[in-house]
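Written out below as structure tokens is the structure these notes cover.
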Amino acid sequence: MLDKRRLVSEVLRFILVSGVAFMIDALGYLALKSIFEIDGSWSKRMSFVCVSFWGFFAHKHFTFRHRTFKPSEPIRFALVYLSGWVINSLVYDATIKLDHSSTPAFLVATFAWACWNFIGQKWFVFVDPSSRHAGRPG
């Protein structure tokens, strides 16, 4: 059975970590591009990689309070993050075709990406071993 209070707490922590990740991504991108004069595309790629590493540990330990480690976790995290990036891009493109405005497209795509990432991380990457047996007799 799903503990609603725990889920709400995880969602709020996810939003906090994602907000910090956004700031790290933006500041890293701007610093690499402006201060170090690295090409914008490479700056974005590098900031995305950095924030992905940070996001893995922040979501694992803070958002989902997952204490165990399985070697497959970083691979599953990368799969969720990269597939989320594809979803973000496709939703952005589809939304901008409908509305022709980048702000709503950005917001809708970011929301879709965030939902995908939360679901993927909670039920695919950082699965609580005790939740697998919930409701089953010991």
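The values are calculated or read from the model by the stated rules, or taken from the named source; none is laboratory data. All values reported here derive from a predicted model rather than from experimental measurement. Positions of Cβ are generated from backbone atoms using ideal geometry, with glycine treated the same way; all protein chains shown enter the neighbour counts.
Descriptive notes on the structure:
- Residues that are modelled with pLDDT under 90 and under 18 Å from R76 (Cα atoms) do not occur anywhere in the range 1-9.
- Being in contact with a Leu (Cβ under 7 Å, 6 or more places away or on another chain) and not small (G, A, S) holds for only one residue in I38, I87, and it is I38.
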